1. Pull up the stretch 49-66, narrow it to residues that are in contact with a Pro (Cβ under 9 Å, 6 or more places away or on another chain) and either outside any loop (DSSP other than H, G, I, E, B) or among the polar types (S, T, N, Q) (or both), then point me to the one that is surrounded by the fewest Cβ atoms within 10 Å (Cβ to Cβ).
2. Assess whether Glu86 counts as being surrounded by 13 or more Cβ atoms within 10 Å (Cβ to Cβ), among the acidic types (Asp, Glu) and farther than 25 Å from Glu8 by Cα.
3. Inspect all residues belonging to the stretch 251-268 and state whether any of them is buried (at least 19 other Cβ atoms within 10 Å of the Cβ), within 15 Å of the ligand (Cβ to nearest atom) and not in a loop (DSSP other than H, G, I, E, B).
4. So how many residues does the stretch 149-168 have that are within 16 Å of the ligand (Cβ to nearest atom) and either in a loop (DSSP other than H, G, I, E, B) or closer than 15 Å to Glu6 by Cα (or both)?
5. Is there any pair with a first residue in the stretch 96-121 that is under 18 Å from Leu76 (Cα atoms) and a second that is hydroxyl-bearing (Ser, Thr, Tyr) and surrounded by 11 or more Cβ atoms within 10 Å (Cβ to Cβ) whose Cβ atoms are under 6 Å apart and which are 6 or more apart or on different chains, and what are they?
6. Which of the residues belonging to the stretch 139-179 are buried (at least 16 other Cβ atoms within 10 Å of the Cβ) and of a type in the set (D, E, K, R)?
7. For Gly210, are the conditions met, namely being surrounded by fewer than 19 Cβ atoms within 10 Å (Cβ to Cβ), within 16 Å of the ligand (Cβ to nearest atom), on the phi > 0 side of the Ramachandran plot and not aliphatic (A, V, I, L, M)?
8. Return the residue satisfying two criteria in turn: it lies in the stretch 178-207 and is within 15 Å of the ligand (Cβ to nearest atom) and charged (D, E, K, R), and of such residues it is nearest to Arg229 (Cα to Cα).
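The values are calculated or read from the model by the stated rules, or taken from the named source; none is laboratory data. In this text, all values refer to a predicted model and were calculated from it rather than measured experimentally. Cβ placement follows ideal geometry from the backbone for every residue including glycine, while neighbour counts extend to all protein chains displayed.
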Amino acid sequence: MPPKVEFEVSKLVNEFCHLSVLYADLMPQDLAMGILQNKAYQRRNWRLREDAVRLELQRISPFSSDSEWYRFTTGLMKRNQSGNFESMATHSRFVEFFQDLRQRHATGFDEIWKETRPRLTEYQYDFLSQWAPISDKVLSRLHSLARNHWQTEKIRVRYIDCLCGGFAWNESIGLSTVPDMDIQKKLLAHELSELITPQQITLEELRKAGLDTEITHTVVDMLAYFSVRDLLAKPNPPNRERKGLRPNPSYYPAADVLFPVFERYAEDPSIYADFSSFVQDMILGLQSLPRGMMPKMLASVPL
Ligand SMILES: [Zn+2]
C-alpha cells in the first residue's frame, strides 16, 4: 500500500516561513537564494521588518544549515505524544523568541493570514478533488520507477504561501501554490520523488564517473515527470505539451539528452535488474556523448 498523502493548511508553518522570508538574509544561504527568495513578498511586506527582531535573530543565529531549517519547519507539521508541535516543544532560544513574537502578534502575520487562509483552503480543496483520484497511482508509479520502498505510512503536505517552489524532508513536504493544477501535480510529484528516489546511488555513480552530480536532481525530476505524465490532461494540440511539466534543461543538467533514456525506462522498468543497473547504463550513455554536447558536466570537478 502506498502511503497516505495528507494535506493541511497551517498557520504556524506559514507564520514561521513568513518570518524566514522576511529575514531571509539571516537564514542559511542556499535557502535565502532558493525557496526563501520571494522578492515580491519581501518587497510587499518590507515595512514589517523590525530592527529589534533582526538583531535578535542575528544574535541567536538559529539555523546554521539547510537541514536544521528543514528539520525545524517539518517539526512544525507534526505533533508529539502530548499533542504539541514537535519543534515548539523543544527548548531553545529561538523557540522562546518565536513564541513571544507570536503571542505579541509581532510578526505582522495576523493581517496577512486573514487573506491567505481562505485562499489556501480553497486552493487545497480544488487541488485535492483532482489529486485524490490519482494519488495512489502516482505513488505506486514512483515506487516502481525508483525501485524503492516508501519509508512511511503517511506523508504530510502543507501549502506555504510565501515559499518559492517546495521542499521535501523525511515524510513532510512544503509547497507553494501555482494556478495550473497539472503543474501543481508535477510539483508535488517532484517532492514525492525526492523522498523515494535513491539519490545516494545516483550521486555515487556520477562521482565515480566524474560527471556533474547535479544530474541527481535531473533523475528526481524525470521520475516525477514520468510518474504523472499519463495522468494529466491531454495536451492540445497533442504534440504541444505545456511548459513547466517536462524537466527543463535550464534547471536540470542533461535533461534533454536524458529524456529519451527515461522515456524508454518508464515504458518498462523491468528491462533493468535494479535501479543501480539503470543508473550505470544512463551514465555509460552520457560518457559516450561527444564532449561538446555536455558543457555543464565538464565544468564540474570530479570528487
Ligand atoms: Zn528538488
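1. We begin by selecting, within the stretch 49-66, every residue in contact with a Pro (Cβ under 9 Å, 6 or more places away or on another chain); these are 63-66.
With either outside any loop (DSSP other than H, G, I, E, B) or among the polar types (S, T, N, Q) (or both) added as a condition, the list becomes 64-66.
Numbers: Ser64: 9, Ser65: 12, Asp66: 17.
Out of the qualifying residues, it is Ser64.
2. Details: surrounded by 13 or more Cβ atoms within 10 Å (Cβ to Cβ): yes; among the acidic types (Asp, Glu): yes; farther than 25 Å from Glu8 by Cα: no.
Taking the combined requirement at face value, the residue does not satisfy it.
3. Yes, some residue in the stretch 251-268 is buried (at least 19 other Cβ atoms within 10 Å of the Cβ), within 15 Å of the ligand (Cβ to nearest atom) and not in a loop (DSSP other than H, G, I, E, B).
4. Filtering the stretch 149-168 down to residues within 16 Å of the ligand (Cβ to nearest atom) leaves 155, 157, 160, 163-168.
Narrowing the set further to residues that are either in a loop (DSSP other than H, G, I, E, B) or closer than 15 Å to Glu6 by Cα (or both) leaves 155, 157, 160, 163-165, 168.
The number of residues fulfilling the criteria is 7.
5. Leu101/Thr107; Leu120/Tyr159
6. If the condition is that a residue be buried (at least 16 other Cβ atoms within 10 Å of the Cβ) and of a type in the set (D, E, K, R), then Arg141, Arg147, Arg156, Arg158, Asp161, Glu171 are the ones that fit.
7. On the way: surrounded by fewer than 19 Cβ atoms within 10 Å (Cβ to Cβ): yes; within 16 Å of the ligand (Cβ to nearest atom): no; on the phi > 0 side of the Ramachandran plot: yes; not aliphatic (A, V, I, L, M): yes.
The answer is no for Gly210.
8. In this case the residue turns out to be Lys186.
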